[in-house]
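See structure below.
The values are calculated or read from the model by the stated rules, or taken from the named source; none is laboratory data. From a predicted model like this one, the values you see are computed outputs, not experimental measurements. When we count neighbours, we look across all protein chains shown, and the Cβ atoms used for this are built from the backbone with ideal geometry, even at glycine. Each accessible area value is taken on the protein alone, full model and side chains, heavy atoms only, with ligands, DNA and RNA left out. Shrake-Rupley method; radii C 1.70, N 1.55, O 1.52, S 1.80 Å.
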Amino acid sequence: MARRLTPEARRAEIIDATQAAIASDGYRGLSLREIARRCGMSAPGLMHYFPDIPTLLEAVLDHRDEVDLAEILDDGGFDVPLLEMLDAARGFYAAHPDEARSFDALEAEALDPGHPAHEYFARRSERTFDLMVPQIEREFEDGDEVARILRLLLDGVRLKRLRDPEVNWTDTDDDWRVMRKLLDGFPRRGIESDGD
């Protein structure tokens, strides 16, 4: 007999089950039927909440981003220094390496314009950096340049991990140190140069 849940609780259960499925098995085998089975419901019942995979996938990605961001910022918001926030993000994803790799792989697959999450990830990249721009501009004299370099560096580190499944977070420690050193070398606001 199916459990009685409020619509909000049922949606949350479906989203959690889908996120767990992607984290453990990747996106490729994802189906509404399999998610319905994991939730103890029928596929038509699940479609009452999410009519298709793209709608469900977008809900999962929105939820994951919201939860991850809250964990990373840990009530500090965007008021913490940029490098401190980046260290927190790295620590968070290092504590969840398999899930991070699965969702990074999903984002790589979504580079294909025909992928159901293509538009989502294109918007997400812009949203993420839009959130960081005020923080970057508050700290650095040339916020545009720092944002551009940061985007390239972060994409490069993620791609390196995707290319080689044996690479884990500790294998990127040297890359992280170099990235921090590079970012730390950009002129800061409110810090006088040696010529002043």
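One table, with the values for the structure above:
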| quantity | calculated |
| --- | --- |
| Selection from 92, 118, 63 lying farthest towards where the dipole of the range 57-168 points positive, charges on Cβ | 118 |
| Average Cα contact separation per residue, the range 42-125, under 8 Å, 6 or more apart, as relative contact order % | 28 |
| Point-charge dipole on Cβ atoms (K/R +1, D/E -1) for the range 58-165, about Cα centre, debye to 20 | 460 |
| Calculated diffusion of the range 18-75, Stokes-Einstein form, Kirkwood radius summed over Cα pairs, 37 °C and 0.692 mPa s, µm²/s | 269 |
| The chain, accessible area per residue, ligands and nucleic acids excluded (1.4 Å, Å²) | 60 |
| Residue among 82, 57, 152 with the largest mean-square fluctuation in a Gaussian network model of the chain, springs linking Cα atoms under 10 Å | 152 |
| Extent along principal axes [Cα atoms of the chain; Å; largest to smallest] | 75, 35, 30 |
| Neighbour net charge for residue 116 - beta-carbon separation under 15 angstrom, K R +1, D E -1 | -4 |
| Most fluctuating residue given options 127, 101, 158, as computed from a GNM of the chain linking Cα atoms under 10 Å | 127 |
| At 1.002 mPa s and 20 °C, Stokes diffusion of the range 1-101 via Kirkwood alpha-carbon radius, µm² per second | 143 |
| Charge dipole (debye, nearest 20) of the chain; +1 at Cβ of Lys and Arg, -1 at Cβ of Asp and Glu | 1140 |
| Sequence-distant residues sharing a close amide H with residue 140 (under 5 Å, placed H) | 189 |
| Largest-first principal axis extents, alpha carbons of the range 82-128, Å | 36, 23, 9 |
| Value at 222 nm in deg cm²/dmol, rounded to 500, when DSSP H runs of n ≥ 4 in the chain each add -39,500 (n - 2.57) | -22000 deg cm²/dmol |
| Pairwise FRET efficiency - residue 177 versus residue 119, Cβ, R0 = 35 Å, nearest 0.05 | 0.50 |
| Net charge contributed by nearby residues that have their C-beta within less than 12 Å of residue 43 (K/R +1, D/E -1) | +1 |
| The chain, relative contact order in percent, only Cα pairs under 8 angstrom and at least six apart counted | 19 |
